[in-house]
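The values are calculated or read from the model by the stated rules, or taken from the named source; none is laboratory data. Note that the coordinates shown come from a computational prediction; the quantities given were computed from them, not determined experimentally. Please note: Cβ atoms are built from the backbone with ideal geometry, for glycine as well, and neighbour counts cover all protein chains shown. Side chains included, ligands, DNA and RNA excluded: accessible areas come from the protein's heavy atoms. Shrake-Rupley method; radii C 1.70, N 1.55, O 1.52, S 1.80 Å.
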Amino acid sequence: MQDLKQQLDFILELDRLKAVYRKVMVKSDKNRPENSAEHSWHIAMMAQTLHVYAAEPVNVARVTSMLLIHDIVEIDAGDTFAFAAQAELDAQEAKELAAAKRIFGLLPEQQCSEMLNLWLEFEAAETTDAKFAKAMDRVLPLLQNMKNDGGSWAKHNVSRSEVIARNNLLDGLAPKLWIYVAEQIDFAVEKGWLRNA
């Protein structure tokens, strides 16, 4: 029963992720901020749908698991805007690692180890599965901003080069998706939603 209590404590802790808000807006719901739990579900569905475009086979079950847990750390660390200053992004890494250890530590030892290792793999983005998962995490905001006339890009004066750098994992990993993303970025520049810099 101790394992069950720990697992339920973990599940209940996850409810807090619904209260972590991101910069991306949900156009279909009066442009309210998206929360991190919604984001995690959405990119997990993206991976389930788009893994067929990966140049090398990916284990979609592992990718989905990574995507479902990757932002759990934001319960403690909060969300940091993808295009924040580098010092802010660097400081976030230590906060997220501490959060991962605490939150996954709610689980029984075996499950804690499995989830922590999967989260670390995602963060390192060295395996094909992790690279693909990280690419899905980065492409969804692009799609959302494109659907919303630039959305958070326009609001925060984001540049073309920043969005390219954020999404270049796709280059070689999923060539058809990369071509699509590059076209979208060019279109966003034409529309004035991204600075041409």
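Read phi for every residue in segment 174-189 and hand back ³J(HN,Hα) as whole Hz from Karplus 6.51 cos²θ - 1.76 cosθ + 1.60, θ = phi - 60°, with x for Gly and Pro.
8, x, 5, 5, 4, 4, 4, 4, 4, 5, 5, 5, 4, 5, 4, 5
Relative contact order for segment 29-120 using alpha-carbon pairs under 8 Å, separation at least 6, rounded to a whole percent?
RCO, segment 29-120: 25 percent.
Could you pull the accessible area for residue 143 with a 1.4 Å probe, rounded to 10 Å²?
60
Heavy atoms only, 1.4 Å probe, whole protein assembly: order 1, 146, 45 by accessible area, highest first. Each step should come with its number before you reach the end.
On the way: 1 185, 146 25, 45 90 Å².
If we order 1, 146, 45 from most to least accessible, we get 1, 45, 146.
Ordering 32, 16 from largest to smallest accessible area (1.4 angstrom probe), what's the sequence?
Ranked list, largest accessible area first: 16, 32.
If amide H atoms are built 1.01 Å from N in the plane of the peptide, which residues on other chains or at least 5 residues away come under 5 Å of the amide H of residue 174?
Close amide H contacts, sequence-distant or interchain: 55.
Across segment 1-153, how many lysine pairs, 8 or more apart or on two chains, come within less than 29 Å at their alpha-carbon atoms?
Close lysine pairs found across segment 1-153: 26.
Could you give the angle, 0 to 90 degrees to the nearest 10, between helix 109-124's Cα long axis and the longest principal axis of the Cα atoms of the chain?
Once rounded, the angle reads 20 degrees.
Hey, with R₀ at 41 Å, roughly what FRET efficiency would residue 15 and residue 127 work out to, going by the Cβ-Cβ distance, to 0.05?
0.85
Across segment 7-12, in residue order, what do the Karplus-derived ³J(HN,Hα) couplings come to in whole Hz, using 6.51 cos²θ - 1.76 cosθ + 1.60 with θ = phi - 60° and x for Gly and Pro?
Karplus-based 3J(HN,Hα) across segment 7-12 equals 5, 5, 4, 5, 4, 5 Hz.
Report the percentage of all Cα-Cα pairs in segment 43-197 whose separation exceeds 22 Å, rounded to a whole percent.
45
Where only protein heavy atoms count, and the probe is 1.4 Å, what is the accessible area per residue for segment 68-173 in Å²?
Accessible area per residue, segment 68-173: 45 Å².
What is the percent carbon and sulfur in the accessible area of segment 64-103, measuring with a 1.4 Å probe over the protein chains and ignoring ligands?
Heavy-atom surface of segment 64-103 belonging to carbon and sulfur, 1.4 Å probe: 56 percent.
Would you mind calculating the gained length between residue 197 and residue 168 on full extension (0.36 nm times residue separation, minus the Cα-Cα distance), in nm to one decimal?
Gain on stretching residue 197 to residue 168: 8.8 nm.
Collect residues whose amide H, placed 1.01 Å from N in the peptide plane, falls under 5 Å from the amide H of residue 81; neighbours closer than 5 in sequence don't count.
Answer set, sorted by chain and number: none.
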